1. Would you mind getting the accessible area per residue of the chain, heavy atoms of the protein chains only, 1.4 Å probe, in Å²?
2. Where does helix 309-333 land angle-wise versus the long Cα axis of the chain, in degrees 0 to 90, nearest 10?
3. For the chain, with a Gaussian network of springs between Cα atoms less than 10 Å apart, report the residue from Gly215, Gly367, Gly250 with the top mean-square fluctuation.
4. Gap in Å between the Cα centre of region 88-131 and the Cα centre of region 324-393?
5. Only helical DSSP H runs with n ≥ 4 go in: add -39500 (n - 2.57) per run for the chain, normalise by residue count and round the 222 nm mean residue ellipticity to 500 deg cm²/dmol.
6. Tell me, what ³J(HN,Hα) does each residue in region 236-248 have, in order and in whole Hz, if you take phi through Karplus 6.51 cos²θ - 1.76 cosθ + 1.60 with θ = phi - 60° and put x for Gly and Pro?
7. Report in % the part of the accessible area of the chain that belongs to carbon and sulfur, leaving out ligands and nucleic acids; probe 1.4 Å.
8. How many nm is it between the label spots at Lys185 and Thr43, if each spot is 7 Å from the Cα in line with the beta carbon?
Amino acid sequence: MITSTTGPQPADFADVRATNLAVVLRFVREHAPCSRADIAASTGLNKATVSSLVADLIDRRLVRETGLTENRVGRPATMLVLDGSPYAAIGVEINVDHVSAVATDLAGERLLTWRRSFAAGDSVNQGVASVGAIVRRVVNRMAKEERQVLGLAVAVPGLVDVQGTVRLAPNLGWRDADLGGDLAKALRDPGFPIQVDNDANLAALAEQRFGAHAGAADLVYLTGEIGVGAGIILDGRLRRGGLGYSGEIGHVQLDPDGPPCYCGRRGCLEAMAGIGSVLRGAPAPAEIHPAEIQIEIEEVVRLARAGDPGTLATLAAAGRSLGRGVSILANLLDPEVVVLGGHYVPLVAWLLPAVHAELGERVLAPGAGGCQVVASTLGQDAAALGGAARVLDSVDSGRLPGGLSRIS
């Protein structure tokens, strides 16, 4: 008999059990409080298997019992909720003028949010030192609270390949940086995984897990920082593309005769609808000092509220250009919702009317395909929160603390 070893191989017992543990943990996260019977009925696992898996999760302090409920037919059932009190997930965002860090528990509740200054144009080594310093502080705080760090994910505004190498971060002045490897060395191999991803990708994960449209299967997040990028979730999964470079919507050309973009072309979405097109009418991000952006946005909001004609015209023009970009996304991807983040958030009252008008004119599907355009509710640290969400996604996928290799 001829056999082949190149096809799919059967999973061993540890693999199957790891998968089933993740299934049960996800169910509890999404449906708590719930009973063992609820889990068995919904997942198809038999009751004995569910009882064994739940016991394992309780031992790991990922799940805990929370009393009985009598609001059901038959005997009262012991209900289960997430525990996770001994654990923390860390997300960090590197921006042009600051580094922010967020730590959450297993349920996504914030344990801390910290920020420190950072200067765009610093070398990668200086960037690693800044990130390493804030991560060490977070890890030390978690240690004092007797929490084990499950992982770290770092958000970077630029092209990050599927291996986590920062290939190009023009607003930081970085190219071909092994940020994850350098951080592991700076943190002296901390004992938890380190991941690096694009800021828009991680912000999209945060919106899908924690935002006002949490659970949306088809969602796009648009950054509103110095650059404009898109984090794309389709069919419930983040889409990075073949090499990890998807989402560069900011450099889709809208008008070949439009204003210059730092990429060297003219009329890119970023040049026409980015924050530089709103503040002082300056299309080039390099013309705006990062420390001045928030102050200038507040001034734009003040003038818009006062009905200043020039400010309203500038915002309407940016909204039309943004609407053209969103229309491209709607026609290509048909998302349920496009979330505007970052510096777009305080400006949405003046941007959205023009965005919606463009969608109505440019999207082929009736009613703009049902695509909603909304402001993020997660604040300026969405990408850092998304880093923590990515760590929690890894846990949901079966990378559980405690060492699955010891399961027998």
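1. Working: 18460 Å² over 408 residues.
Spelled out: the 1.4 Å probe surface of the chain, per residue, equals 45 Å².
2. 50 degrees
3. Maximum fluctuation in the GNM of the chain, among the listed residues, is at Gly367.
4. So the separation of the two Cα centres works out to 24 Å.
5. Working: 12 runs with 161 residues, N = 408.
Taken over the chain, the calculation gives -12500 deg cm²/dmol.
6. Here the 3J(HN,Hα) series is x, 10, 5, 10, 9, x, x, 10, x, 9, 5, x, 7 Hz.
7. Values: 9210 of 18460 Å².
Roughly 50 percent of what the probe reaches on the chain is carbon or sulfur.
8. With each label placed 7 Å out from Cα toward Cβ, I get 4.2 nm.
The values are calculated or read from the model by the stated rules, or taken from the named source; none is laboratory data. Quantities reported herein were computed from a predicted structural model and do not represent experimental measurements. For neighbour counting, all protein chains shown are included, and Cβ atoms are generated from backbone atoms with ideal geometry for every residue, glycine included. Accessible surface areas use protein heavy atoms only, side chains included; no ligands, DNA or RNA. Shrake-Rupley method; radii C 1.70, N 1.55, O 1.52, S 1.80 Å.
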